[in-house]
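Trainee: Sharing a structure, written as structure tokens. Questions coming.
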Amino acid sequence: MSNNILYIEDNPDNMRLVQRALESRGYHLLQAKNGLLGVQMAESESVDLILLDINLPDIDGYEVARRLRASSKRQLALTPIIAVTANALKGDAEKALEAGCDVYMSKPINIRELWARVEAFVPTP
Amino acid sequence: MTSSFLSHLECSGCSEKFAHAEIQTFCPICQSPLLCRYDLKPVSQSVDRNEITHRKKGMWRWHELLPVINTENQIFLGEGDTPLLSLPHLEKELGLFNLLVKDESSNPTGSFKARGLAAAISKAKELGVEKVIIPTAGNAGGAMAAYAARAGLRAYIFMPKDTPFANIEESRMAGAEVILVDGLISDAAGMAGIKAREEGWFDVSTFKEPYRVEGKKVMGYELAESFDWQLPDVIIYPTGGGTGLVGMWKAFDELEALGWLENKKRPRMVSVQADGCAPVVKAFNQGASFCDFWLNAHTIASGLRVPKSFADHIILKDIYESQGTAIAVSDETILESQRQLAAMEGIFAAPEGAATLAALKELIKQGWLQPEERIVLFNTGSGLKYLEYPNQE
């Protein structure tokens, strides 16, 4: 079984932290620095789960989630999406779930919680 | 003068150690809260628990077990040593024999938040911090503003716009800059975090610095002292961010390690939330280790409108360990209990405090409590700060 996690995140500190955390558990992290690149990578690569920041520099995470769910790559309609955000705006969590995300996590990301939530969808390799 | 036996800070998640002489927030490795650890052996050898009882009243009489190193940095406004009151009329009404309330409304700024902010602001001052920022559902903002004023620090506060007027006004009176947010405390937290990062303000959000929980834990010391160094059977506690619950459990661990408790019997910890925002209750019922973010959080008890605590995993661990429970109550039963506490016992409780009575009644119905057990409710603040709510029509 594959173990590719795509993280769409523009903040390099968060990217490094999550990379270290997930790779320590044997996952392979694919990295996208903005929303459009994230959609492109999700459509072109084999991805088992997507971690999605909401506050992205081009299209926001809600739009990314909507595009992923509507993608012609049918598998993306079912790929788990975990939204991750600093919830700086009202109703971020509600909007993320409405846009098609499965789970919402607020920053700072607790690594143990991240492991647990990722493992719930993609068993540890 | 050196007054603390603080040894180091330790991550509650990965156990990594950090120096207390530097400004710390949360664990940079696993992003869990940091907790203070003390050299308890020398404390047990050099401090007599009964001597503490005879010191000048207030939270700082426990200074060996608090994080401020130099006594000159202790900011004191009279916090701590709140009364543990019997509830004779409610006992009779509910068929109980040992029902008490720890009434935190007599703290400075009218709530238990004074304890945590006294510790956090004192430590911030000691570490050379000059400006502090907080997201708050209300009372923590008022407390931070007061202690920051006393310490000579600048204060910046993000509050939901429907925060009780008293909290907004007391914060502004104390010189804090107050920003009203169209959202919940989680939204305020996001904004405060951004401002803290961009402008170098020190963020004293719940569990995002290591010291508020130290002030709150003193509630546990005081309970042990009040019960002659034993602990009650059940503690019913309202849970928003969970600092008090986590703090008391930490206090019990420390007291046990010090050998100051008469026996090893611990209380069952009951976490009370409102049914419009009950992430801990939901997680507890599922046997989970973390909470899901609670959607569309709503309750009149503004201190309970916390969709997900940063320390959710510690709260849940402590409840499980104590063989306690978590229970959600409706706003209607909170208001009814608030009236009952005032009319029967003369205690005008905050809605969060009244929620503990509502929970008690439900637990009696469920048969979860025995009538003879020593039960402590926590009233976390004064009802006078919530005068715009329906009970005060």
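Nothing in this text is a laboratory measurement; each read-out follows from the coordinates by a stated rule. Quick caveat, the model's predicted, so the values are computed rather than measured. Backbone-built Cβ (ideal geometry, glycine too); neighbour counts: all protein chains shown.
Trainee: Count, for each residue of B:179-190, the Cβ atoms from other chains sitting within 10 Å of its Cβ, then give me the mean as a whole number.
Mentor: The mean count of partner-chain Cβ atoms within 10 Å per residue comes to 4.
Trainee: Taking each pair of distinct Cα atoms in the range B:149-204 once, what is the resulting Kirkwood hydrodynamic radius in Å?
Mentor: 11.7 Å
Trainee: When the gyration tensor of the range B:258-393 is built from Cα positions, what are the square roots of 5 times its three eigenvalues, in whole Å, from largest to smallest?
Mentor: Ellipsoid half-lengths, sorted descending, are 25, 21, 13 Å.
Trainee: Restricting to bridges with both residues inside the range A:49-111, how much of the DSSP beta-bridge set is antiparallel, in percent to the nearest 5?
Mentor: Just about 0 percent of them are antiparallel.
Trainee: Take the Cβ-Cβ distance between B:LEU295 and B:GLU22 as r, set R0 to 30 Å, and report the resulting FRET efficiency rounded to the nearest 0.05.
Mentor: With a Förster radius of 30 Å, E is 0.20.
Trainee: Straight-line reach from A:LYS95: which aspartates and glutamates have a Cα under 19 Å away, not including same-chain ones fewer than 8 places off?
Mentor: Answer for A:LYS95, where 19 Å is the Cα cut-off: A:GLU9, A:ASP53, A:ASP58, A:ASP60, A:GLU63, B:ASP182, B:ASP187, B:ASP292, listed by chain and number.
Trainee: Same structure, new question: Restricting things to alpha carbons, find the Rg to Rh ratio for the range B:188-340 using the Kirkwood radius for Rh.
Mentor: 1.00
Trainee: Where a Cα-Cα gap under 17 Å defines reach, which lysines qualify for B:LYS92, not counting those fewer than 8 residues away within the same chain?
Mentor: Here the lysines satisfying the reach criterion relative to B:LYS92 are B:LYS361, B:LYS365.
Trainee: Taking the radius of gyration and the Kirkwood hydrodynamic radius from Cα positions alone, what is the Rg/Rh ratio for the range B:123-241, to two decimal places?
Mentor: 1.03
Trainee: Could I ask something else about it? Treating cross-link reach as a plain straight distance, find the aspartates and glutamates whose alpha-carbon is under 12 Å from the alpha-carbon of B:LYS131, omitting any fewer than eight places away in the same chain.
Mentor: Hits, sequence-local ones excluded: B:GLU177, B:GLU199, B:ASP203.
Trainee: Roughly how crowded by other chains is peptide A:102-110, in terms of the mean Cβ count from those chains within 10 Å of each of its Cβ atoms?
Mentor: 5
Trainee: Now for a separate question. For A:ASN11 and A:GLN40, FRET efficiency with R0 = 25 Å and r from the beta-carbon atoms, rounded to 0.05?
Mentor: So, using R0 = 25 Å, E works out to roughly 0.80.
Trainee: Next question. Which whole number gives the average, over all residues in A:16-25, of C-beta atoms from other chains lying within 10 Å of the residue C-beta?
Mentor: Mean shielding count: 1.
Trainee: Just want the answer: with Cβ charges of +1 for Lys and Arg and -1 for Asp and Glu, which residue in B:SER44, A:ALA83, A:PRO57 is farthest toward the dipole's positive end in the protein assembly as shown?
Mentor: B:SER44
Trainee: Hey, could you get me the Stokes-Einstein D for chain A, Kirkwood radius over alpha-carbon pairs, 10 °C and 1.306 mPa s, rounded to whole µm² s⁻¹?
Mentor: Estimated via Stokes-Einstein, D reaches 113 µm²/s.
Trainee: Of the beta bridges DSSP finds with both residues in the protein assembly as shown, what % are antiparallel, to the nearest 5?
Mentor: Bridges in the protein assembly as shown that DSSP calls antiparallel: roughly 25 percent.
Trainee: Roughly how big is chain B's charge dipole about its Cα centre, with Cβ charges of +1 (Lys, Arg) and -1 (Asp, Glu), in debye to the nearest 20?
Mentor: Magnitude of the dipole: close to 460 debye.
Trainee: For the peptides B:374-385, B:194-205, A:47-58, what is the packing order when you average, over each peptide's residues, the other Cβ atoms within 10 Å and list the highest mean first?
Mentor: Answer by packing, highest mean first, reads B:374-385, A:47-58, B:194-205.
Trainee: Related question: Against the empirical 2.2 N^0.38 Å scaling, what ratio does the C-alpha Rg of the protein assembly as shown come to?
Mentor: 0.97
Trainee: Would you be so kind as to identify which of B:GLY247, B:LEU341, B:ALA354 lies farthest towards the positive end of the dipole of the range B:240-393, taking Lys and Arg as +1 and Asp and Glu as -1 on Cβ and the Cα centre as origin?
Mentor: B:GLY247
Trainee: Please figure out what share of the DSSP beta bridges in chain B is antiparallel and state it in percent, rounded to the nearest 5.
Mentor: 35 percent
Trainee: If you don't mind, there's one more thing I want to ask. Counting other Cβ atoms within 10 Å, which trypsin sites (Lys or Arg not before Pro) in the range B:231-270 have at most 11 and lie in a DSSP loop?
Mentor: Filter output for the range B:231-270: B:LYS264, B:LYS265.
Trainee: Rg(Cα) of the range B:212-289 divided by 2.2 N^0.38 Å?
Mentor: The range B:212-289 yields a ratio of 1.16.
Trainee: Taking the simple approach of a point 7 Å from Cα along Cα-to-Cβ for both B:GLU93 and A:PHE121, what is their distance in nm?
Mentor: Once both label points are built, they end up 4.9 nm from each other.
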